[in-house]
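The values are calculated or read from the model by the stated rules, or taken from the named source; none is laboratory data. This structure is a prediction, so every number in the text was calculated from the model and none was measured. Methodologically, a virtual Cβ is constructed for each residue, glycine included, from the backbone with ideal geometry; neighbour enumeration extends over all protein chains shown. The area values use the complete protein model at the heavy-atom level, side chains included, leaving out ligands, DNA and RNA. Shrake-Rupley method; radii C 1.70, N 1.55, O 1.52, S 1.80 Å.
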Amino acid sequence: MTAKDSKHPLRGIRSPLLPAVLALFVLSVNAQVDETLTEQVELEPAPEAGAEGYHQPPSLDDIPEGPFGDSVRSGWEAFVNTRQHPKAKRFVGNKQNCGNCHLAGGLAANSAPMWGAWGIYPKYRGKNDHVNTMDERIRGCFTYSMNANSSEAGGPPEPDSQVLKDLQTFFFWSAQGAPIGKNLPGRGYAAVPEPQNGSSVSRGEEVYQNQCSICHGSDGSGKFADDGRQIFPPLWGAGAYNWGAGMHRINTAAAFIKYNMPLGKASPVEKEAVLTDQQAWDVAAYINSHERPQDPRWEGNKASTDEKWHTHQCLYNETVRGHTLGDGAG
């Protein structure tokens, strides 16, 4: 089957930090989320890298001592181990880490690196008609990808809270030397055009079982150490990103999967892939054909929530395997 084709037409790391993040499957949002947590829109594509290549962030070994360095280290730790971080964990309402959205702890080109995001904020967004800050952007990530509404705190971190300051300090540090206000090569994910045959849940299931289930489980539940530390994150169910996260969109998931998965085999920096475009789109459809936590923008029923917030390529409110998706998983 194809994903909302008639209803909503589409409008291996090579890094010294790989050992630190080898267990992190990346589920990111190639979208902007406004402060009022309303709608996601596509980013402008990043330019190709020229002879100068990509921005080279500083090494973690070069984080300075003192209060600034402490904040960088705290932000990095909150980013890659969000569920265990003392300041961040109370805002996580599922089994994800922020680092699941960005390979190499947010530093790999073409894997939504934070050095690529830092320099484009603050920015005006017509969707909410004001200048959005990075602080607001991170809160949106907590709300959707981390399902913060079901967390101990009941929502994302408060504006200008210490955990947001630490995360932004890490982002700022990673962008040292990068120009401000520029759409940098390597920002976001490398787009993968929709194949002529669209996307197929049934074909995607075969790809998933052959390429993904060894890490994420045949039931998509992920893998965890005895102490609860995440090894590989869930891809659907109560522990996954919710129906409002950008990764529930098939095109976004396909763009991530193509050059980032399987972990350690594909390389976003080199733009080397294991899967074909067709396989990436198909497995993205299969992953997103399962229930996950409800969209925080829930309108009271699936039809109205779909009409208002899901006018993009996804399977929300579509019937798959005899079930109309969008009930949510709790």
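Among the GluC sites (Glu not before Pro) in the stretch 42-92, those located in a DSSP loop and surrounded by at most 14 other Cβ atoms within 10 Å of their own Cβ are E48, E52, E65.
Using the alpha-carbon centroid of each, what span in Å lies between the stretch 273-330 and the stretch 209-233? Distance between centres, Cα-based: 21 Å.
Answer rounded, prolate or oblate for the chain, using the Cα gyration tensor with square roots of eigenvalues a ≥ b ≥ c: rounded when a/c is under 1.5, else prolate when a/b is larger than b/c, else oblate. Because its axes are fairly even, with a/c under 1.5, the chain counts as rounded.
For the pair the stretch 55-105 and the stretch 162-203, the centres of their Cα atoms are 16 angstrom apart. Taking all protein chains into account, the per residue accessible area for the stretch 66-186 stands at 36 Å² (1.4 Å probe). Let me know the shape class of the stretch 191-243, please: from the alpha-carbon gyration tensor, a ≥ b ≥ c as square roots of the eigenvalues, rounded when a/c is under 1.5, otherwise prolate if a/b is greater than b/c, or oblate. Prolate, since a/c reaches 1.5 and a/b exceeds b/c. The portion of the accessible surface of the chain made up by carbon and sulfur, rounded to a whole percent, is 51 (1.4 Å probe; DNA, RNA and ligands excluded). Straight-distance candidates among the aspartates and glutamates for linking to K302, with alpha-carbon spacing under 20 Å and chain neighbours fewer than 8 residues away dropped: D5, E39, E291, E318, D327.
Using the reciprocal of the averaged 1/r over all distinct C-alpha pairs, how large is the Kirkwood radius of the stretch 276-319 in Å?
The Cα-based Kirkwood calculation yields 11.6 Å.
Of the cross-linked pairs K87/K123; K87/K182; K258/K308; K95/K223; K87/K165; K123/K271, those separated by over 21 Å at the C-alpha level are K87/K123; K87/K182; K258/K308; K123/K271. In percent, rounded to a whole number, the relative contact order of the stretch 190-330 is 28, using alpha-carbon pairs under 8 Å and six or more apart. The Cα atoms of the stretch 189-330 give a gyration tensor whose axes a ≥ b ≥ c have a/c of 1.5 or more with a/b no greater than b/c, which makes the shape oblate.
Volume per residue of the convex hull around the Cα atoms, evaluated for the stretch 66-186, comes out as 106 Å³.
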